[in-house]
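The values are calculated or read from the model by the stated rules, or taken from the named source; none is laboratory data. What you are looking at is a predicted structure, and each value in this text was computed from that prediction instead of being measured. Note that we place each Cβ from the backbone using ideal geometry, even for glycine, and neighbour counts take in every protein chain shown. To get the accessible areas, we keep the full protein, side chains included, count just its heavy atoms, and leave off ligands, DNA and RNA. Shrake-Rupley method; radii C 1.70, N 1.55, O 1.52, S 1.80 Å.
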Amino acid sequence: MKTYIGKIHLKWCENCNVPLLGKVCEVCGSKSKDVKLTPPGDPRLGFQYDIDFINKVIEEEFGAKNVLNGKIILLNKLPGNEEAYEVIVDGEVKYILYFDENKEKWKIKLKLSGARELIEKGAYKKIVKIKNDIVDIFKNRKGSILKPGIVEFTNDIEEKDDVIILDENNRVVGVGLSVVSSEKIKEMEKGKVVKVRFFIKSDNENENYEPKKIYNSLEEAFKIMVEANKGVIESYEKNAIGVIKNTYEKLKKPVMVAFSGGKDSLATLILTLKALGKNINVVFIDTGLEFEETLKNVEDVEKYYNIKIIRLKGEDFWEKVKEYGIPSRDDRWCSKICKLEPLKKFIEENYKDNVLAFVGIRKYESFSRAKKRMIYRNTYIKKQINALPIYHWSSLHVWIYLLKENAPYNKLYEKGFDRIGCFICPAMEMGEMDKIKKEFPELWVKWENILKEYAKKNNLGEEWIKKGLWRWKYKMVN
């Protein structure tokens, strides 16, 4: 069942080829087009790293080069246990990027429009060509393509690969999942070869392909995107500042902003500074598992806004892990000891009464956060009253706002990260950990050594580490 957290804001200007949050593009005046996404529909902005990374995966899988260059892409994280994203480009979902845990690599699933684009860009891998006389059979139904219906196929197909289906005229007619490898196809006389996922419904579908605008640089595209959404963002900013001012006037409590080094807390900080000025406390909690980029961002934000950020630190995580064991999804002791306790102590020591904390929580982040009220009392820190000025903002609202403000955001976002926090966390998926291994090998080795030591001490097998079973306490078995 699909669960909607709220309105899916994403639209697109087909003329300027940029994402929109309103009904009309504020650059060219064109009416926006709705973009269909999988709920909750909170796509993040893709940076050059993401474009280069997906280009690389596409080239490895299908042979087409530089497919996404000169375009804005968005990545919509899909709900579920695997790390997977809908890749929105040219105003539609063309690809799904996912981490194959069995093969331990990133792969691509195709939509029909994505397959067409790849063929236009010279794709030559993972292709199956079928007889023209069976194309009509699949136009109005799903099924599997059998060996007798196949004319040609490339020699690089592995079992469970996504493949592009062409007719004898080299037109894209479908995409599907290979049931067998190329080597197996050669040996077959009959049987299923490709399970069709998407297929054309009419012959003129291939005639509707129109190349969209390409920009000279991502910076140029971002600039147009900001201008195209200027009025919408200014309206959201005005509303959020009003929420902050009204909440403060109503409660009349000392103000604190919780700053994490992430985009949402940065947007919240900017809005609070505009609403109330600098007579506020800004608090950052160093858990001991922070990226250097995050610590650097704290310094950058201090300098840029000429403020003092109070740094708090809890007990040493690396010592406590020896005492409490490996933190897990069902036993996240680290959050309490390294994060909540230092904040609780700070509030108890510095505020006689309640403190009003403006926090960058958005309802689109998770189903649990969607249940929160915009103003509520912290259940663990009784003196802390939380207020959520960007509660109704999507990730794209935040990014367009930060770009409009020329804000000093955390550079980790430019390395493919959509979550800023501890470098290792039991809440991570395998795909996220793969990024840590590749981008921060020294941090991963440090964590892996802890896991190896714990596994040896408790007679846990190698799979406990390799398969990420350490993320659940109840899976700590032989």
Does Val135 satisfy the criteria of being of a type in the set (Val, Ile, Thr) and part of a strand (DSSP E or B)?
-> no
Checked against (1) in contact with an Asp or Glu (Cβ under 6 Å, 6 or more places away or on another chain); (2) closer than 26 Å to Pro19 by Cβ; (3) open to solvent by 20 Å² or more (accessible area, probe 1.4 Å), Glu220 satisfies every condition except (1)
Filtering region 380-438 down to residues that are without any contact (Cβ under 8 Å) to a residue 24 or more places away in the chain and either touching a His at 6+ places or on another chain (Cβ under 7 Å) or not hydrophobic (A, V, I, L, M, F, W, C) (or both) yields Lys382, Asn406, Lys435, Lys437, Lys438
Exercise for the section: Could you tell me whether Ile450 is open to solvent by 10 Å² or more (accessible area, probe 1.4 Å) and in a loop (DSSP other than H, G, I, E, B)? Expected result: no
For this session: Could you tell me whether region 163-172 includes any residue that is free of Cβ contacts under 8 Å to residues at least 60 places away in the same chain, among the polar types (S, T, N, Q) and closer than 20 Å to Lys94 by Cβ?
Result: yes
Counting only residues in region 107-132 that are crowded, with 21+ Cβ neighbours inside 10 Å and part of a strand (DSSP E or B), the one nearest to the chain's Cα centre (by Cα) is identified as Ile108
>> When you scan region 68-77, do you find a residue that is among the small types (Gly, Ala, Ser) and in contact with a strand residue (DSSP E or B) (Cβ under 8 Å, 6 or more places away or on another chain), even just one?
In response: no
(message) I'd like to know if region 279-294 contains one or more residues that are open to solvent by 30 Å² or more (accessible area, probe 1.4 Å), free of Cβ contacts under 8 Å to residues at least 40 places away in the same chain and of a type in the set (A, V, I, L, M).
(response) no
(Q) Being among the acidic types (Asp, Glu) and either more than 21 Å from the chain's Cα centre (by Cα) or assigned to a loop (DSSP other than H, G, I, E, B) (or both) is the requirement here; does Glu432 meet it? (A) no
Filtering region 370-410 for residues that are part of a helix (DSSP H, G or I) and under 30 Å from Phe53 (Cα atoms) leaves a count of 10
Do we have Val151 as in a strand (DSSP E or B), open to solvent by less than 10 Å² (accessible area, probe 1.4 Å) and touching an Asp or Glu at 6+ places or on another chain (Cβ under 8 Å) here? no
Residue pairs within 6 Å by beta carbon, gap of at least six or interchain, first lying in region 188-205 and under 12 Å from Val135 (Cα atoms), second open to solvent by 80 Å² or more (accessible area, probe 1.4 Å), listed first then second, are Val196/Lys142
Of (1) more than 19 Å from the chain's Cα centre (by Cα); (2) touching a residue at least 12 places away in the same chain (Cβ under 8 Å), Val87 satisfies every one except (1)
#### Entry: Tyr413 assigned to a strand (DSSP E or B) and of a type in the set (Phe, Trp, Tyr)
no
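Residues checked against (1) of a type in the set (Val, Ile, Thr); (2) open to solvent by 70 Å² or more (accessible area, probe 1.4 Å); (3) in contact with a helix residue (DSSP H, G or I) (Cβ under 8 Å, 6 or more places away or on another chain):
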{"site": "Glu189", "(1), (2), (3)": "no, yes, yes"}
{"site": "Lys212", "(1), (2), (3)": "no, no, no"}
{"site": "Lys250", "(1), (2), (3)": "no, yes, no"}
{"site": "Ala258", "(1), (2), (3)": "no, no, yes"}
Inset, instruction - May I ask you to verify whether Gly360 is open to solvent by less than 20 Å² (accessible area, probe 1.4 Å), closer than 27 Å to Ile436 by Cα and in contact (Cβ under 8 Å) with a residue 24 or more places away in the chain? - result: yes
Residue hits (region 330-347; loosely packed, with under 15 Cβ neighbours inside 10 Å and at pLDDT 95 or above) are Lys345
Does Leu388 satisfy being touching a Leu at 6+ places or on another chain (Cβ under 7 Å), farther than 22 Å from Ile465 by Cβ, at pLDDT 95 or above and hydrophobic (A, V, I, L, M, F, W, C)?
no
Looking across region 304-329 at residues that are under 22 Å from Ser260 (Cα atoms) and in contact (Cβ under 8 Å) with a residue 60 or more places away in the chain, the single one that is most open to solvent (accessible area, probe 1.4 Å) is Tyr304
